[in-house]
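The values are calculated or read from the model by the stated rules, or taken from the named source; none is laboratory data. Quick caveat: nothing in here was measured; it's all calculated off a predicted structure. Every residue, glycine as well, gets a Cβ built from its backbone with ideal geometry; the counts of neighbours run over all protein chains shown.
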Amino acid sequence: MKISLISTSHQRNSQSKRISSILGNFISEINNKVEFFHLDMFDLKVPLWTSEKKENLNFWKNDYEIISSKLKLSDGFVFVVPEYGGMATPNSKNFFLVFNNGELFHKPGLIVSISSGNGGAYPVSELRSSSYKNSHIMWIPENIIIRNVNQFFPGKHGKLIPHWIDDRIKYSCNLLIKYTEYLKPIQNYINRKDFSNGM
Ligand SMILES: Cc1cc2nc3c(=O)[nH]c(=O)nc-3n(C[C@H](O)[C@H](O)[C@H](O)COP(=O)(O)O)c2cc1C
């Protein structure tokens, strides 16, 4: 089973990247056979989608195919999205425009929203309402919101991290693994040729 951990920050050494790898650890503890593809939108310099492919040639000619094929090989996704300005990040939306070649089709995804304060609800509602139509990602009904993320260190959390959150994360990660396993056969019924975009 392959799971992509996607970090959608616009910053170097971001909290999203740190949280992505912690989530990978949670998943490995549940199932040590899971293989990961780490995609950090900042580190990999994924450009803003444009119909002009003359800029960022290196990305469009080389990196794009490599990343797209790794996503295609993934069976499930963890999507870490920080709240910026009461919204999901531009990188989180851009991801769905750039990788729009069936990579996510009818595969389960877990939304993990983070905030350095008390936010984090808006990215969840934004992604649930507007990211799935053409990507056909299947957000599982559980999501995680990590507030006061700067204090989130499993085993030695700061005072503002609720004591129950690790159990909630383990529960959600376990469900993602199960959805990933049980949704796999649905790939046999997909017709992207005739119905590539949602209604
Ligand atoms: C441009 C910008 C806007 C932000 N706006 C919000 C916000 O509206 N609500 C919130 O809870 N946190 C906001 N924050 C704080 C981020 O949620 C917090 O810094 C988070 O750790 C950033 O994640 P990152 O390091 O992965 O980029 C904002 C941060 C930045 C950089």
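Here are a few things to note about the model shown:
- Applying the condition of being assigned to a loop (DSSP other than H, G, I, E, B) and over 16 Å from the mean Cα position of the chain (by Cα) to region 50-81 and asking which residue is surrounded by the most Cβ atoms within 10 Å (Cβ to Cβ) yields 56.
- When 152, 105 are screened for being out of contact with any Gly (no Cβ under 7 Å at 6 or more places or on another chain) and under 21 Å from residue 15 (Cβ atoms), only 152 passes.
- Matching residues, region 82-116, being more than 16 Å from the ligand (Cβ to nearest atom), surrounded by 16 or more Cβ atoms within 10 Å (Cβ to Cβ) and among the hydrophobic types (A, V, I, L, M, F, W, C): 96, 98, 99, 104, 105, 110
- Considering each residue of region 120-135 in turn, none proves to be at pLDDT 95 or above, outside any helix (DSSP H, G or I), surrounded by fewer than 17 Cβ atoms within 10 Å (Cβ to Cβ) and more than 19 Å from the chain's Cα centre (by Cα).
- Of the listed requirements (1) within 16 Å of the ligand (Cβ to nearest atom); (2) surrounded by fewer than 14 Cβ atoms within 10 Å (Cβ to Cβ); (3) not aliphatic (A, V, I, L, M), residue 25 misses just one: (1).
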